[in-house]
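Q: Before I ask anything, let me first share the structure, which is written out below as structure tokens.
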Amino acid sequence: MKGILLEFYKIRRRKIWVIILVLLGVQCLWGLWAFRDMNEKKLSQGYMQCLYHFTVLNTIMMPMVAAITASKICDLEHKGQTFKLLMTVMPAGKLFDAKFICASMYMVAVGAAQMIFIIVLGKAAGFTEPFPPGYLFYYFVITIFVTVVILSIQQAFSLLFSNQMVSFVIGITGSFAGLFSLFLPRNIQRGILWSYYGVLMPVRMNWDSQTRIADLQYIPVDWSSFWLLTGLFAVIYFTGRRCFIRKER
Amino acid sequence: MLWNVIRGEQMKLRRSPVWLAFFILPVLPAFMGTFNYLQNIEILKEGWYSLWTQHTLFTCYFFLPATIAVYCSYLFRLEHTNHNWNCVMTLPVSALHIYLAKLIMASAMVVMTQLWVGVLFILSGKMSGLSGPVPPELTEWLVYGAIGGIVICGIQLSISLIIRSFAVPVGIAMAGGILGIGALSKGVGAFYPYTLLSLGMRANSPGGSMACSQVQFMAGSLFYLIISAVIAILWLSNTDVTTE
């Protein structure tokens, strides 16, 4: 607990929330733009539309939010060359855990802010679709979960390499692969960590090429993908943690 | 003197694998874009032009601006750390040359990336079995794309000079790229720096002409390059350095 509080203390003047807020603001602007002229049919699928569009946006932006947060939290140790000092008062593994929990708090805040925005948008735009609390909560959980898994890989690279370019290149490449994979078959999607926003999304689009009409519908939770991601998370987190502990400083 | 500063920049980057990002990034859309093109060949009927859209659309909007931002952040990180600004500012080098040397380094990387994009496009098209010759406009797309990319380099270098964080300028570029879609849809792409890249590369309308006139494009590019250079030079000349 002290380690986590110490992390928050270290970043108290680094204004991490500013850039996160900017990116969240851009995402909300996009949402407002996408939902500015809604016809009756779109209003009747309002929340599904939101969950679908925000999932695509999350695939583009959340890996960058995770990369930026991880970099800001880890880079201060590289710049201050404080690893040796810190290791004399706490084990490396605990430092890794504390940084991860601290950064994850920001991801939870982003997920909560998105959910609140969707609820407010639904009320303001007058969605006629019945309010789906279960699906919204599911969206909230998977958004945070996928982002936190991506955060774990970003944090590992941000801690292992003092050159933050490495972690950002991984973040951008991953985000890119995730976005592209949304157009690829599901089995390929499941092999790309950054595409899990799409894999676990609670809404599916049915495109009728004859009538050229797109229709949205809720789909059941893909538990096999969820457990696969959980397994990936465990592997990434503990490999990253182990590499950090064993690293020569 | 400028040549010496450029050589200094080259020496700083000599052992750094920064070029790898620009090498890897275009490979991804080339591979996945071609795969997607082949999967939807019955809808995407314009051959080379459809393939070009698949290769460049997302790259221009979101990912190339962010990668350029990472590179520009890296170029200034060397000065921002280890008290190096004290050393740089006491050298008999003008602020203009410091900025220009970094701009030239970043621009060279953008030009090489564009060449690489062109090579990958031709290779992908040939391997996909596309009939017909390579579009004659390809050189134009790449040249104008490079100009748009250089403008982003200028802007990002100024941001990375003022904001000492490595991550924040990358976030700004990402946000800038996404907001650019709004600027494009409103028809003001030529007046917004982050859309010049996608405008120049005709990312969403390769078969037609640019969404703005060439004069507007060049005027917008020159304006943002000059503005970013002036801001950087004024900042370097008038602001006391901060070291850490």
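Q: Taking only segment B:185-226 into account, find how many residues are surrounded by fewer than 18 Cβ atoms within 10 Å (Cβ to Cβ), in contact with a helix residue (DSSP H, G or I) (Cβ under 8 Å, 6 or more places away or on another chain) and assigned to a helix (DSSP H, G or I).
A: Number of matching residues: 4.
Q: When you look at B:Asn40, is it within 14 Å of another protein chain (Cβ to nearest Cβ), touching a helix residue (DSSP H, G or I) at 6+ places or on another chain (Cβ under 9 Å), crowded, with 16+ Cβ neighbours inside 10 Å and polar (S, T, N, Q), yes or no?
A: So B:Asn40 does not fit the description; no.
Q: Would you pick out the residues in segment A:148-205 that are farther than 18 Å from A:Phe244 by Cβ, assigned to a loop (DSSP other than H, G, I, E, B) and either in contact with a His (Cβ under 8 Å, 6 or more places away or on another chain) or free of Cβ contacts under 8 Å to residues at least 60 places away in the same chain (or both)?
A: Matches in segment A:148-205: A:Phe183, A:Leu184, A:Pro185, A:Arg190, A:Gly191, A:Ile192, A:Leu200.
Q: Is it true that A:Tyr139 is under 24 Å from A:Ile11 (Cα atoms) and buried (at least 22 other Cβ atoms within 10 Å of the Cβ)?
A: no
Q: Could you run through segment B:26-46 and say how many residues are part of a loop (DSSP other than H, G, I, E, B) and either under 17 Å from A:Gly174 (Cα atoms) or basic (Lys, Arg) (or both)?
A: Counting residues in segment B:26-46 that are part of a loop (DSSP other than H, G, I, E, B) and either under 17 Å from A:Gly174 (Cα atoms) or basic (Lys, Arg) (or both) gives 1.
Q: With respect to A:Ala103, determine if the residue is closer than 30 Å to B:Phe63 by Cα, more than 11 Å from chain B (Cβ to nearest Cβ) and of a type in the set (Gly, Ala, Ser).
A: Yes.
A quick yes/no check of all residues on (1) in contact with a Ser or Thr (Cβ under 7 Å, 6 or more places away or on another chain); (2) within 27 Å of B:Pro169 (Cβ to Cβ); (3) at pLDDT 90 or above; (4) not in a helix (DSSP H, G or I):
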site: A:Tyr47; (1), (2), (3), (4): no, no, no, no
site: A:Met62; (1), (2), (3), (4): yes, yes, yes, no
site: A:Ile68; (1), (2), (3), (4): no, yes, yes, no
site: A:Ser71; (1), (2), (3), (4): yes, yes, yes, no
site: A:Val89; (1), (2), (3), (4): no, no, no, yes
site: A:Gly93; (1), (2), (3), (4): no, no, yes, no
site: A:Tyr106; (1), (2), (3), (4): yes, yes, yes, no
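Q: Taking segment A:137-166, which residues are touching an Asp or Glu at 6+ places or on another chain (Cβ under 9 Å) and facing another protein chain (nearest Cβ under 10 Å)?
A: A:Ser158, A:Ser162, A:Gln164
The values are calculated or read from the model by the stated rules, or taken from the named source; none is laboratory data. Values in this document were obtained by computation on a predicted structure and should not be read as measured data. When we count neighbours, we look across all protein chains shown, and the Cβ atoms used for this are built from the backbone with ideal geometry, even at glycine.
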